[in-house]
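See below for the structure under consideration.
No value in this document is a laboratory result; all are computed from the given coordinates. Computed from a predicted model, the values in this text were never measured in an experiment. Here the Cβ positions follow ideal geometry from the backbone for every residue, glycine too, while neighbour counts run over all protein chains shown.
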């Protein structure tokens, strides 16, 4: 994928998603860089900028912290001297930061159009219907006679605050791709079943690695009556997987791995667990974004890697470890189009607004959603 061509095209329509003042629309790269740096310097420690691994280079270079969504939210909470948290990521990430922030801090998202298609695949009303239908099918959602829960809801951090709140209010917990195994172990210690949402692939890949047979997993389709299952299927399953996925990671395929191995017989493949099971099984390694970065960096010089995750991270990793050959598994590149919506123009608008005393795009999670979501996050952090 030629990111420069995409960036140039995007500049032509940058004000169409979220209107920007005219003075922010046609600026040169040099002017953008100079003004962002100046605004950041003026704000000093009053502002902390967070940049997700999948963010574009021209934005992430201004980040005070770079990482995955949870790492960034915790980093923001640790910067108590900062009044403003500017999250260069997507909406659910900014929500998580608002849930974990200090009372005096305010969280802003440079472009409100920066969402997440996976998070959007699980809506609060769909989860409420699912819970009710599971009860109607004979799956206990309350405590059993032995004190265990009939089912524990687990949500990937890539979900809305409303989903996290439901999970928190029903004894559940949040997970990340890094700690999914530990979280699922925790849940099975407390309940007979797990409802895992919104990404079916993270749940399936993690459970399969833990030795759970595929026959004990079923997919719950929120767009079908009773999830597309009958009562016996629901009652027999140990793991109910919400029918959701990441549009970036499901583009990677086994034929792509085969083509890479044909070109590089000594090459190795590392995949993110949001990829499909067949891709993960065909890879040499799999793990979270941080795992991918650490694994590639720790490999011997001269190692050849195909990386199955978002292309901005792959390109950045290529530049950071020049003693290795690193390519994206998808020859066309897999770009997170919603993350890409956070542009340097939007970042400049946000920062200069803060300098002038104006807060744009503040993300606020209302009560009781905030407190219930905090329960689910705190259970995870306690582990």
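What shape does region 234-383 have by the C-alpha gyration tensor, where a ≥ b ≥ c are the square roots of the eigenvalues, rounded means a/c under 1.5, and otherwise prolate means a/b greater than b/c and oblate the rest?
Oblate, since a/c reaches 1.5 and b/c is not below a/b.
What ranking, highest mean first, results for peptides 250-263, 367-380, 19-32 when packing means the other Cβ atoms within 10 Å averaged over each residue?
Highest to lowest by the protection proxy: 367-380, 250-263, 19-32.
Is region 52-129 best put as rounded, prolate or oblate by its Cα gyration tensor, with a ≥ b ≥ c the root eigenvalues, rounded for a/c under 1.5, and otherwise prolate when a/b is larger than b/c, oblate when not?
oblate
With axes computed from alpha carbons, what is the tilt in degrees of helix 91-100 against the longest principal axis of the chain, rounded to the nearest 10 within 0 to 90?
Roughly 80 degrees, rounded to the nearest 10.
Any idea what angle helix 369-382 forms with the longest principal axis of the chain, computed on alpha-carbon atoms, 0 to 90 degrees, nearest 10?
Orientation of helix 369-382: about 80 degrees from the principal axis.
Suppose R0 equals 22 Å. What FRET efficiency, 1/(1 + (r/R0)^6) with r the Cβ-Cβ distance, do residue 285 and residue 325 give to the nearest 0.05?
My answer for the efficiency is 0.90.
If one computes P(r) from the Cα atoms of region 249-328, what percent of pairs lie at distances over 15 Å?
Details: 1539 of 3160 pairs.
I get 49 percent for the Cα pairs in region 249-328 exceeding 15 Å.
On C-alpha positions alone, give me the angle between the axis of helix 289-298 and the longest principal axis of the chain, in degrees, nearest 10.
That helix lies at roughly 70 degrees to the long axis.
Using 0.36 nm per residue of separation minus the Cα-Cα distance, give me the extension gain between residue 34 and residue 46 in nm, one decimal.
Here the segment from residue 34 to residue 46 would lengthen by 2.4 nm.
Write down the percent of antiparallel bridges among all DSSP beta bridges whose residues are both part of the chain, to the nearest 5.
Restricted to the chain, the bridges split so that about 10 percent are antiparallel.
How many percent of DSSP beta bridges within region 119-246 run antiparallel, rounded to 5?
Expressed as a percentage, antiparallel bridges in region 119-246 total about 5.
R0 = 30 Å: FRET efficiency of residue 208 with residue 247, Cβ-based, nearest 0.05?
Efficiency computed from Cβ-Cβ geometry: 0.85.
If you take semi-axes √(5λ) of the Cα gyration tensor in Å from the coordinates, which of [x] 35, 28, 18; [y] 27, 25, 21; [z] 46, 23, 19 do you get?
Correct label is [x].
Please find the FRET efficiency linking residue 57 to residue 360, where r is the Cβ-Cβ separation and R0 is fixed at 30 Å, and quote it to the nearest 0.05.
Result of the calculation: an efficiency of 0.80.
Can you classify region 119-246 as rounded, prolate or oblate using the Cα gyration tensor, where a ≥ b ≥ c are the square roots of its eigenvalues, rounded means a/c under 1.5, and otherwise it's prolate if a/b beats b/c and oblate if not?
Rounded.
Taking the Cα centre of each part, how many Å lie between region 227-254 and region 355-377?
Here the two parts' Cα centres lie 31 Å apart.
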